[in-house]
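The values are calculated or read from the model by the stated rules, or taken from the named source; none is laboratory data. Predicted model, so just to flag it, every value in this text is computed and none were measured. Ideal geometry is used to build each Cβ from the backbone, glycine not excepted, and the neighbour counts take in all protein chains shown. When the accessible area is computed, the model is the full protein with side chains, heavy atoms only, and any ligands, DNA or RNA have been set aside. Shrake-Rupley method; radii C 1.70, N 1.55, O 1.52, S 1.80 Å.
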Amino acid sequence: MGIALLIHFLTQLILILKFYLMQIRYIVLAVLFFSIAQSIAWIQMNSPILWSSFNKYKWILILLGIPVTWMFMTATRYAVTGFDGNLWPGRILSFVSGIITFTILTWFLKGEAVNMKTAICLVLAVAILLIQVFWK
């Protein structure tokens, strides 16, 4: 009886872990797509301001909106799947990935450093992301 119970428990545990790993896979894909889309959107919005040569190519930047829209739609689908059909966690995931992407690109491409106020906001953004992913 004890062995059968242990086998049943382990089988159930494996099924639960498999379910959560599948959920995490969708969430990771959502973060990846959100981050890529946010990066392209950053380039679209900021490159004409930072580099005057991009003013000649505004139509190319505008046309980048098509794949960006597709990436946001795909990321949202993955997020909704990963969060059991809920929309809010995906929206927060998009927000946090956008904040982090903006910080990295602004620092790397513009050289704008992160001050203490911004650093605290980034820590809070990561905390929000962790709450959405791990709080059931």
Assess whether Gly90 counts as being open to solvent by less than 70 Å² (accessible area, probe 1.4 Å) and not in a helix (DSSP H, G or I).
no
When Ser35 is run through (1) within 21 Å of Val133 (Cβ to Cβ); (2) open to solvent by 90 Å² or more (accessible area, probe 1.4 Å); (3) modelled with pLDDT of 90 or more, the failure sits at (2)
Taking the criterion of being open to solvent by 40 Å² or more (accessible area, probe 1.4 Å), in a loop (DSSP other than H, G, I, E, B) and out of contact with any Lys or Arg (no Cβ under 7 Å at 6 or more places or on another chain), would at least one residue in region 45-67 satisfy it?
yes
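Answer with yes or no whether Gly98 is in contact (Cβ under 8 Å) with a residue 60 or more places away in the chain, closer than 25 Å to Ala30 by Cβ and in contact with a helix residue (DSSP H, G or I) (Cβ under 7 Å, 6 or more places away or on another chain).
Here the answer is yes, as Gly98 does meet what is asked.
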